[in-house]
Amino acid sequence: WGEPAKTQYLTMKIVPEAAQRTMMLETGEVDVAYEIPNNDISRIQENEDLQLLTCPSMKIILMELNCSSDGPIGDPNGRKAVECAIDKQTIVDSLLYGYGTVSSNIVPQAAEDYREYETNSYDPEKAKSLLAEAGYGDGFELTLWTNSNQTNTEIAQVMQSQLAEVGITLNIVTQDDNTSFSLIEAGEDFDLMLDFWQTNSGHADYVFNGMLLSSSVNNFSRYFNDEFDATYVKYASTGEGEEREALLKELYDDLVRDTPIIGLYSETKVVAATADLHDLIL
């Protein structure tokens, strides 16, 4: 199919430890290494025998909020306050060394039907006002579930510090993803979960349909909104044009108003290779 392969043999190696992938590239054990850790990027750039390749990703790092909670996070204003208290740009700059793009919503910027509308942007004073409006002016405690991935751990710690500035105490619980998903599926109460979503189709529809409909298998936020569901059905069955664009805006507006999920950033895909390797398409 297509043009002849440029290489006769290709060996794929699974190397879970990120730092080891970088070392294998430096020693010549491999020719390409995927998902280079951000703190290794400068080593790659300074090595004339290696090259760094980047491109936008369909992977977005996000935080699911339990909309069905009886506590503060069950209140839309409580959820919006959490988002307004998070300085996402600081996370991208300090933890990712700039290799990421702040998310204004939960659709990756590279996806079809991504739009930029009004969002719950970083505004600590607005966060405090929303908390007061919701009756939580004195603050409250939340628990965040995350796995032991180094970047996730660092993100959780940064958010813990930022939320403290508006009176929200964030308790961090580290557990494997399977445990978190099993607890949610079993109906366990929770506040926040640090997660990610890969928009495999490259289209916003994959986000709406996959995570946000009442019937979605991956609706871990327990977001049940009949109006959103009805708007989505119309959007998905309407051809391109003004009517469909208006429906798309309604979907985005619902997500800003209800804030069932907070998008933190879209990943930048970072791949390193030997300098003499050409025409690698990410």
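Scan segment 203-244 for residues that are open to solvent by less than 70 Å² (accessible area, probe 1.4 Å) and over 17 Å from Thr259 (Cα atoms) and the total you get is 9.
A quick yes/no check of all residues on (1) open to solvent by less than 60 Å² (accessible area, probe 1.4 Å); (2) farther than 21 Å from Ala156 by Cβ; (3) in contact with a strand residue (DSSP E or B) (Cβ under 9 Å, 6 or more places away or on another chain):
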| residue | (1), (2), (3) |
| --- | --- |
| Asp75 | yes, yes, no |
| Gly78 | yes, no, yes |
| Ala85 | yes, no, yes |
| Arg115 | no, yes, no |
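Going by what's in this entry, would Tyr265 be described as surrounded by 12 or more Cβ atoms within 10 Å (Cβ to Cβ), in contact with a helix residue (DSSP H, G or I) (Cβ under 8 Å, 6 or more places away or on another chain), part of a strand (DSSP E or B) and of a type outside the set (Gly, Ala, Ser)? Considered against the rule, which asks whether it is surrounded by 12 or more Cβ atoms within 10 Å (Cβ to Cβ), in contact with a helix residue (DSSP H, G or I) (Cβ under 8 Å, 6 or more places away or on another chain), part of a strand (DSSP E or B) and of a type outside the set (Gly, Ala, Ser), Tyr265 comes out as yes. Scanning segment 228-282 for residues that are β-branched (Val, Ile, Thr) and touching a Ser or Thr at 6+ places or on another chain (Cβ under 8 Å) yields Val256, Ile261, Thr268, Val270, Val271. In segment 161-175 there is at least one residue matching the filter, namely being surrounded by 12 or more Cβ atoms within 10 Å (Cβ to Cβ), touching a strand residue (DSSP E or B) at 6+ places or on another chain (Cβ under 8 Å) and of a type in the set (Gly, Ala, Ser). The requirement of being at pLDDT 95 or above and open to solvent by 80 Å² or more (accessible area, probe 1.4 Å) is satisfied by Glu29.
Taking segment 40-69 as the range and being within 14 Å of Pro260 (Cβ to Cβ) and open to solvent by 40 Å² or more (accessible area, probe 1.4 Å) as the test, only Ser68 passes. Please work out if Met63 is within 30 Å of Asp205 (Cβ to Cβ), touching a Pro at 6+ places or on another chain (Cβ under 8 Å) and touching a residue at least 40 places away in the same chain (Cβ under 8 Å). It is false that Met63 is within 30 Å of Asp205 (Cβ to Cβ), touching a Pro at 6+ places or on another chain (Cβ under 8 Å) and touching a residue at least 40 places away in the same chain (Cβ under 8 Å). Pairs linking a residue in segment 214-234 that is part of a helix (DSSP H, G or I) to a residue that is among the aliphatic types (A, V, I, L, M), with Cβ atoms under 7 Å and 6 or more positions apart or on different chains, are Phe228/Leu212; Phe228/Leu251; Asp229/Leu213; Thr231/Leu247; Thr231/Leu251; Tyr232/Leu213; Tyr232/Leu251; Lys234/Leu247.
When segment 183-200 is filtered for residues that are within 21 Å of the chain's Cα centre (by Cα) and open to solvent by 70 Å² or more (accessible area, probe 1.4 Å), the ones remaining, listed by number, are Glu185, Phe196, Asn200.
Of all the residues in segment 92-109, those that are of a type outside the set (Phe, Trp, Tyr) and open to solvent by 50 Å² or more (accessible area, probe 1.4 Å) number 4.
The values are calculated or read from the model by the stated rules, or taken from the named source; none is laboratory data. Bear in mind the structure is a predicted one, so any value in this text is a computation, not a measurement. Note that each Cβ is placed from the backbone with ideal geometry, even for glycine, and that neighbours are counted across all protein chains shown. Just the protein is used for accessible areas: all its heavy atoms, side chains included, with ligands, DNA and RNA removed. Shrake-Rupley method; radii C 1.70, N 1.55, O 1.52, S 1.80 Å.
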